[in-house]
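Heads up, the thing below is written out as structure tokens.
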Amino acid sequence: MYAGNVGMRGGVAAKLIRRERAPLSWRLRNTMRVAFVVGWLGYHLGHLYSRLFGAPVLLGRLDAVVKRSDGSVIDYGCLGYRVVTTAFVTFVVDQLQTETSVFGDFKYHDSGVGVVAENITDTAMGTTDGEARVAGTQTEGAANAYVSVGTIAYTTTKAITEHGLFNDVSAGTLMDRTVFSAINVVNLDSIQFTYTLTCTAGS
């Protein structure tokens with residue numbers, strides 16, 4: 001004959017982490033840049049142009065959320081709307097002739113500290129920050145919108161000022177490069193970049 005007692009006890013604790021907005025001073029600096037204003041106009045007028053004239057266009061947008069080492073989360077919103085590169089457009093045309101496996105690999109996020117304005121002729125980052133590229137997720141934001149989300153963790157103090165999306169972990173073709181007002185990070189901070197490429201078919 002066996003006799004005994006079995007007891008089980010536990011608890012669950014939850015912590016609400018509020019997402020703050022980026023400082024107003026940073027938002028003003030970033031959105032008042034000439035490149036941001038031109039990109040914003042091009043992005044929105046591109047949608048209008050496509051609807052009015054039935055012309056297909058490629059429209060890029062980059063957003064970011066900073067995760068601090070203390071657990072706080074800061075939403076920096078849209079960093080910029082530029083710029084899809086000539087190298088990427090050329091790559092797409094080449095793929096229509098001879099397809100390769102790297103066509104679906106535009107998921108590698110890189111960040112840097114370069115401050116030279118983005119240009120359609122860019123093929124690389126302005127100045128790399130020393131951190132490795134990160135493979136982001138790949139989803140559809142809509143039927144005509146490609147989205148890749150990648151989080152880069154930082155190991156030293158630096159001012160991040162640019163982002164690029166590539167189809168290789170160390171080389172490859174640059175799809176888009178965006179320059180923005182500095183986001184300061186320290187060891188153990190990370191930035192979650194969300195890149196969206198909207199491809200309109202016209203109407």
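The values are calculated or read from the model by the stated rules, or taken from the named source; none is laboratory data. Treat the numbers as computed from the prediction; the structure is a model and nothing was measured. In this analysis, Cβ positions are derived from the backbone assuming ideal geometry, glycine residues included, and neighbour counts consider all displayed protein chains. Remember, those area values only see protein heavy atoms, side chains included, never the ligands or the DNA or RNA. Shrake-Rupley method; radii C 1.70, N 1.55, O 1.52, S 1.80 Å.
Using a probe of 1.4 angstrom, how much of the accessible area of the stretch 154-203 is carbon and sulfur, in percent?
Roughly 58 percent of what the probe reaches on the stretch 154-203 is carbon or sulfur.
Within the set of other residues whose C-beta is less than 14 Å from the C-beta of Lys107, count the net charge using Lys and Arg as +1 and Asp and Glu as -1.
-4
State, as an integer percentage, the relative contact order of the chain based on alpha-carbon contacts under 8 Å between residues 6 or more apart.
27 percent
Suppose each label sits 7 Å from its Cα in the direction of the beta carbon; what would the Asp94-Asn144 distance come out to in nanometres?
2.8 nm
About its Cα centre, what dipole magnitude does the stretch 55-203 give when the only charges are +1 on Lys and Arg Cβ and -1 on Asp and Glu Cβ, stated in debye to the nearest 20?
200 debye
Across 5 Å bins from the origin, how do the percents of Cα pairs in the chain run, short distances first?
1, 7, 14, 18, 18, 14, 9, 5, 3, 2, 2, 2, 1, 1, 1, 1, 0, 0
Place a +1 charge on the Cβ of each Lys and Arg in the stretch 50-136 and a -1 charge on the Cβ of each Asp and Glu, then give the dipole magnitude about the Cα centre in debye, rounded to the nearest 20.
Using only the charged Cβ atoms, the result is roughly 280 debye.
Could you give the radius of gyration (one decimal) and Dmax (whole number) of the Cα atoms in the stretch 139-203, in Å?
Looking at the stretch 139-203, its Cα Rg and Dmax stand at 14.3, 48 Å.
Which values of log₁₀ I(q)/I(0), to two decimal places, follow from the Debye formula for the stretch 96-194 at q = 0.15, 0.24 Å⁻¹ with a uniform point scatterer at every Cα?
Treating every Cα as an identical point scatterer, log10 I(q)/I(0) equals -0.60, -1.33.
Relative to 2.2 N^0.38 Å, what does the C-alpha radius of gyration of the stretch 27-85 come to as a ratio? Two decimals please.
Relative to the 2.2 N^0.38 Å estimate, the stretch 27-85 comes out at 1.41.
Amide H to amide H under 5 Å from Asp129: which residues, 5+ apart in sequence or cross-chain, H placed 1.01 Å off N in plane?
Under 5 Å from the amide H of Asp129 lie the amide H atoms of Ser111, Val113, each far enough along the sequence or on another chain.
Would you list Val149, Val116 from the most to the least accessible area, probe 1.4 Å?
Descending accessible area places them as Val116, Val149.
Can you list residues from other chains, or at least 5 along the same chain, whose modelled amide H is less than 5 Å from the amide H of Asp122?
Thr86
Between Val169 and Thr86, how many nm apart are label points set 7 Å from Cα along the C-beta direction?
That separation, rounded to one decimal, is 3.2 nm.
What Rg and what Dmax come out for the stretch 121-173 when only alpha-carbon atoms are used, in angstroms?
Final numbers for Rg and Dmax: 12.8, 39 Å.
Largest first, what is the accessible-area ranking of Ile74, Ile191 with a 1.4 Å probe?
Sorted descending by solvent-accessible area, the residues read Ile74, Ile191.
Probe radius 1.4 Å, ligands and nucleic acids left out: which of His47, His163 has the largest accessible area, and how do the rest follow?
Largest accessible area first, the list is His47, His163.
Rolling a 1.4 angstrom probe over the protein chains, ignoring ligands and nucleic acids, what is the accessible area of Leu24 in square angstrom, nearest 10?
About 100 Å², ignoring ligands and nucleic acids.
Given a Förster radius of 35 Å and the C-beta distance between Thr121 and Leu24 as r, what FRET efficiency does 1/(1 + (r/R0)^6) yield to the nearest 0.05?
0.55
Roughly how many Å² of Lys107 are accessible to a 1.4 Å probe, to the nearest 10?
Rounded to the nearest 10, that gives 50 Å².
Can you check what the net charge comes to around Met125, using other residues whose Cβ is under 15 Å from the Cβ of Met125 (Lys, Arg +1; Asp, Glu -1)?
Residues close to Met125 contribute a combined charge of -4.
Leaving ligands, DNA and RNA out of it, work out the accessible area of Leu58 with a 1.4 Å probe and give it in Å² to the nearest 10.
80 Å²
What number results when the radius of gyration of the stretch 99-151, computed over Cα atoms, is divided by 2.2 N^0.38 Å?
So the stretch 99-151 has a normalised radius of gyration of 1.33.
Using the alpha carbons of the stretch 42-148, what is the convex hull volume per residue in cubic angstrom, as a whole number?
Dividing the Cα hull volume of the stretch 42-148 by its residue count gives 150 Å³.
Mind listing the long-range amide H neighbours of Thr173? Cut-off is under 5 Å, sequence gap 5 or more, other chains count too, H placed in the peptide plane at 1.01 Å from N.
Asn167, Asp168
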